[in-house]
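Written out below as structure tokens is the structure these notes cover.
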Amino acid sequence: MTKNQGRAGDLAKGMKAISEHLGITIRQGFHMHEQGLIPTFHIGRSVCAKRSALDDWLNHAARKAVEGGADE
């Protein structure tokens, strides 16, 4: 696998892919995107995210919940 193929594999393009990765509904995904709660960006008119960034965000949120919501 080349470096570029690895990057493409990390890309979740479209809210369906993002929502499936996070285990939420598409509607919830759009709401979180619009509120700036998840690490998303646009490529043209498509909402996209790096799967690794979503995983980091999810892990951070889980750590905060376990620690009682304390910010780092």
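What pairs can you find where one residue is in the stretch 1-22 and under 9 Å from ALA49 (Cα atoms), the other is at pLDDT 95 or above and among the charged types (D, E, K, R), and their Cβ atoms are less than 6 Å apart, with a gap of 6+ or different chains?
ASP10/LYS50; ASP10/ARG51; ALA12/ARG51
Every residue in the stretch 27-54 that is surrounded by 14 or more Cβ atoms within 10 Å (Cβ to Cβ) and without any contact (Cβ under 8 Å) to a residue 40 or more places away in the chain, please.
Residues satisfying the conditions are GLN28, GLY29, PHE30, MET32, HIS33, ILE38, PRO39, THR40, VAL47, CYS48, ALA49, ALA53.
Go through (1) modelled with pLDDT under 95; (2) surrounded by 10 or more Cβ atoms within 10 Å (Cβ to Cβ); (3) in a loop (DSSP other than H, G, I, E, B) and name the single condition ALA62 misses.
Here ALA62 clears every test but (3).
Hey, can you tell me all the residues within the stretch 31-58 that are under 11 Å from the mean Cα position of the chain (by Cα) and either modelled with pLDDT under 95 or in a helix (DSSP H, G or I) (or both)?
Passing the criteria: MET32, HIS33, ARG51, SER52, ALA53, LEU54, ASP55, ASP56, TRP57, LEU58.
The values are calculated or read from the model by the stated rules, or taken from the named source; none is laboratory data. All of these numbers come straight from a predicted model, not from anything done at the bench. Note that we place each Cβ from the backbone using ideal geometry, even for glycine, and neighbour counts take in every protein chain shown.
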